[in-house]
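One structure below.
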């Protein structure tokens with residue numbers, strides 16, 4: 001199996017929302033995104049695999065060395081596949097390594113005191129992915145494109161956090177900043193009731209913060225870069241529609257994991273394809 005096939009198989013098995021937009025890309029860019037996605041999936045799986053922390057840290061250390069040597073002597077199919085886009089798309093190793101650092105934070109997880117800390121973490125695990133993707137999609141010489149990609153990545157991560165509150169709680173992880181939880185006198189690790197108006201009010205405030213991030217992201221992308229950045233816009237539209245569905249379900253994120261069905265994803269993707277930036281009324 002070639003490195004390209006290895007990455008493509010990993011993408012196919014993931015059934016991720018992100019892969020919907022890959023169909024818009026030419027072969028070279030699609031293979032680059034498949035390699036990037038496979039890398040992100042590989043690193044993320046280390047944090048979620050239930051491995052002993054020492055073993056997981058050693059795996060992350062190995063990947064750190066592997067990325068550092070990706071241009072010279074890659075040994076893994078993923079880094080072999082990444083070698084070409086690292087050169088052709090000028091993918092900075094700093095952002096590739098940030099993703100590893102983000103998973104390290106998960107291994108040593110402790111609740112974030114503030115939104116400043118949450119944003120820093122989210123930039124590592126999602127903002128960096130947004131910037132790397134934007135470089136693959138097209139021209140990023142205008143720094144506003146990278147700013148858009150960072151903000152959109154963080155917005156998607158905030159959406160994941162809101163959707164996954166129940167799952168994270170079961171794993172003794174809390175990503176909602178303490179400054180927001182304390183405002184509502186909440187502590188999700190204490191086994192307190194979840195179906196309360198107080199919890200829903202807290203979720204609504206977090207929703208507003210996430211929605212504003214989508215607004216800032218979409219409004220900051222220069223019009224001349226819109227066409228080539230459409231794959232990222234479609235990804236963002238899918239996650240924005242997921243965020244809106246969470247609100248529509250009255251923030252009932254504890255009983256059942258909220259997701260978009262295939263028709264909802266296609267509808268969101270279609271709007272992104274034709275440049276229909278959504279109504280951002282919050």
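The values are calculated or read from the model by the stated rules, or taken from the named source; none is laboratory data. Every value quoted in this text rests on a predicted model; they were computed, and no experiment measured them. Positions of Cβ are backbone-derived with ideal geometry, glycine not excepted, and every protein chain shown enters the neighbour counts.
Per the listing 238, 209, 233, the residue uniquely modelled with pLDDT of 95 or more and over 15 Å from residue 164 (Cα atoms) is 209. Working only within the stretch 177-195, note down all residues that are over 25 Å from residue 217 (Cβ atoms) and assigned to a loop (DSSP other than H, G, I, E, B). 184, 185, 186, 187, 191, 192, 193, 194, 195, listed by residue number.
Considering only residues that are outside any helix (DSSP H, G or I) and over 18 Å from the mean Cα position of the chain (by Cα), look in the stretch 163-176 and name the one that is surrounded by the fewest Cβ atoms within 10 Å (Cβ to Cβ).
Here the residue is 172.
When 218, 188 are screened for being surrounded by 15 or more Cβ atoms within 10 Å (Cβ to Cβ) and farther than 17 Å from residue 269 by Cα, only 188 passes.
Quick grid of which residues meet (1) in a helix (DSSP H, G or I); (2) modelled with pLDDT under 95; (3) not assigned by TED's automatic domain parsing to the domain that holds residue 37:
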position	(1), (2), (3)
54	yes, yes, no
59	yes, no, no
62	yes, no, no
73	no, yes, no
96	yes, no, yes
99	yes, no, yes
113	no, no, yes
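Which residue is nearest to residue 252 (Cα to Cα), if the candidates are limited to the stretch 187-199 and must be over 26 Å from the mean Cα position of the chain (by Cα) and in contact (Cβ under 8 Å) with a residue 12 or more places away in the chain? Ranking the candidates gives 195 first.
Residue-by-condition table, conditions (1) farther than 15 Å from residue 34 by Cα; (2) touching a strand residue (DSSP E or B) at 6+ places or on another chain (Cβ under 9 Å); (3) exposed (fewer than 15 other Cβ atoms within 10 Å of the Cβ):
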site	(1), (2), (3)
65	yes, no, yes
72	yes, no, yes
80	no, no, no
92	yes, no, yes
96	no, no, no
100	yes, no, no
108	yes, no, yes
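Selection within the stretch 110-129: residues that are out of contact with any helix residue (DSSP H, G or I) (no Cβ under 8 Å at 6 or more places or on another chain) and free of Cβ contacts under 8 Å to residues at least 40 places away in the same chain. The member of this set that is surrounded by the most Cβ atoms within 10 Å (Cβ to Cβ) is 120. For the stretch 234-260, which residues satisfy the criterion of being without any contact (Cβ under 8 Å) to a residue 40 or more places away in the chain and either part of a helix (DSSP H, G or I) or surrounded by 16 or more Cβ atoms within 10 Å (Cβ to Cβ) (or both)? Listed by number, the residues that qualify are 241, 244, 245, 248.
Against the test of being under 16 Å from the mean Cα position of the chain (by Cα) and within 19 Å of residue 136 (Cα to Cα), the options 81, 70, 23, 38 yield a single qualifying residue, 38. For the stretch 116-127, the condition of being at pLDDT below 95 and in the same structural domain as residue 245 (by TED's automatic domain parsing) holds for none of the residues. The single condition among (1) crowded, with 17+ Cβ neighbours inside 10 Å; (2) under 20 Å from the mean Cα position of the chain (by Cα) that residue 76 does not satisfy is (2).
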